[in-house]
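What follows is calculated from the coordinates using simple rules that are stated; it is not laboratory data. Every value quoted in this text rests on a predicted model; they were computed, and no experiment measured them. We place every Cβ from the backbone using ideal geometry, glycine too, and count neighbours over all the protein chains shown.
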Amino acid sequence: MVSHGIVCVSKGFSMVEFKSKIIEIKDYGAADHNPVRVFKVKLLVTVPPFNYVPGQFAMLGSEKVRMTANSALYKWASFSISSSPTQEGFLEFAINDGTPEGVSHCVFLSNVGEELFVKGPFGKFTLNESAFDRFLLIATGTGVAPIMSMARFLLDSKNAKPIHVFYGFRFEDLFLYKEELEGFSRAHENFSFTPIVSRPSPQWKGLKGHVQSALKETHFEAKEKTGVYICGRPPIVEEIVAALKTLGFPEQNIFFEKW
Ligand SMILES: Cc1cc2nc3c(=O)[nH]c(=O)nc-3n(C[C@H](O)[C@H](O)[C@H](O)COP(=O)(O)OP(=O)(O)OC[C@H]3O[C@@H](n4cnc5c(N)ncnc54)[C@H](O)[C@@H]3O)c2cc1C
């Protein structure tokens, strides 16, 4: 059933499909670096409100992408929301290209002004701000999307607890949100971050290699009071979780999303 801005009830739960328009696109990465595009979309329907919490994802669809097995149905794909609920008027997504017939590729080729469908919010990878005294946010690649949502939310909410972001990416031109992260560390005493590049240029002055190795070389305080949130590709997230457990972070304080 497709009914934009209208609550669709099926099998006992209700879900809203929102029509939206792309209002801004930012490009990262060269053609041979698996580029990423960051999209801001404005919902064209505001009732009911799209109430989400940091870490959740939405499903995106397009008029142009139908299920191959049934062209009456849109194909939907999941994308973490990188904006924070404190940023009103838009949702933001960081998207990798995909197969030619999929949603990612269609969105990837879209321009400002084009329409997308948004469904959600979904997901249980959500920030529990009150449960911890400090936060360790860890991302690789476009896994930075829900991590940005969490960081933006904590800082916008004037949360004074220490927040550290570890962010791994392959090439310097895939350093998503570089200016914003640098701005956060200048503006907020409780915020710091470590970017790590796995295939650095000779000019790169920061850490090189993988997030897992950087974690092992870092001294962490108050591990039992730290909430750890991780997002990235499955094998990398698994290695990061294993490294954190070895370092003494309690398993029950570690939360992750992997895709
Ligand atoms: C919770 C969550 C959050 C995510 N967040 C992000 C994010 O922030 N950024 C990001 O880039 N990715 C994210 N992903 C990954 C993204 O959802 C997947 O890459 C997804 O496959 C993209 O959908 P797509 O339609 O582009 O599929 P494709 O990557 O194109 O293909 C995936 C599979 O679907 C099949 N397929 C493709 N088109 C069709 C069709 N029309 N009909 C039938 N089958 C088809 C393909 O053959 C393939 O097997 C997230 C995933 C999850 C689960």
Work out the charge dipole of the chain with +1 on the Cβ of Lys and Arg and -1 on the Cβ of Asp and Glu about the Cα centre, then indicate which of T46, H105, M67 is farthest towards its positive end. M67
Looking at the chain only, what percent of DSSP beta bridges run antiparallel? Nearest 5 please. 55
Among residues other than V103 whose Cβ falls under 10 Å from its Cβ, what is the net charge (Lys/Arg +1, Asp/Glu -1)? +1
Inter-label distance for K21 and K64, nm, one decimal - labels placed 7 Å from Cα along Cα-to-Cβ: 1.8
In deg cm²/dmol, rounded to the nearest 500, the helical mean residue ellipticity at 222 nm of the chain, built from -39500 (n - 2.57) for every DSSP H run of length 4 or more, is -5500 deg cm²/dmol
Report relative contact order for the chain in percent, whole number only (criteria: Cα-Cα under 8 Å, sequence separation at least 6). 17
Using only the Cα atoms of the chain, construct the convex hull and provide its projected area averaged over every direction, in square nanometres to one decimal. 14.8
Cα centre as origin, Lys/Arg/Asp/Glu Cβ charges: the range 122-259 dipole, Debye: 160
If each residue's Cβ is checked for other Cβ atoms within 10 Å, how do S62, S198, S83 rank with the fewest at the top? S198, S62, S83
To the nearest 20 debye, the range 6-121 has a Cα-centred charge dipole, built from +1 on Lys and Arg Cβ and -1 on Asp and Glu Cβ, of 320
Magnitude of the charge dipole, the range 158-210, Cβ model with Lys/Arg +1 and Asp/Glu -1, debye to 20: 180
Taking 0.36 nm per residue of separation and subtracting the Cα-Cα distance, what length does fully extending A31 through E101 add? 23.3 nm
